[in-house]
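Below is one structure, written out as structure tokens; the observations come after it.
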Amino acid sequence: MNNMENEKVMVDKSGMPDVSAWPERPRLAVKEMSAKYGAPVEVSSEAIIWHNAGPYKRIMVTKKEIPHDFSGAAHGLFGAYDFVQCTYR
């Protein structure tokens, strides 16, 4: 394992991660996913993951925002950034 895998985000008594140091939009995504699907299954310093959440096999919110420039593409709630990844069942 590398150091990144060993780093953990603090988790409160309810199992919710402390992402206060994360950028605003990934932090908002974690809050919304937690409200909808409950506490995540996996928590690290770089990603938070829910398994079998709603119609998804896996939802992963990453700390790092990766900007995209898709000209003319419709952008959802979080704009043109890739930090929420969903895998359908």
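Key figures for this structure:
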| item | result |
| --- | --- |
| Test: GLU65 is at pLDDT 90 or above and surrounded by 12 or more Cβ atoms within 10 Å (Cβ to Cβ) | no |
| Filter pass, LYS57 being at pLDDT 80 or above and either over 13 Å from the mean Cα position of the chain (by Cα) or assigned to a strand (DSSP E or B) (or both) | yes |
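The values are calculated or read from the model by the stated rules, or taken from the named source; none is laboratory data. None of these values were measured; they are calculated from a predicted model. Positions of Cβ are backbone-derived with ideal geometry, glycine not excepted, and every protein chain shown enters the neighbour counts.
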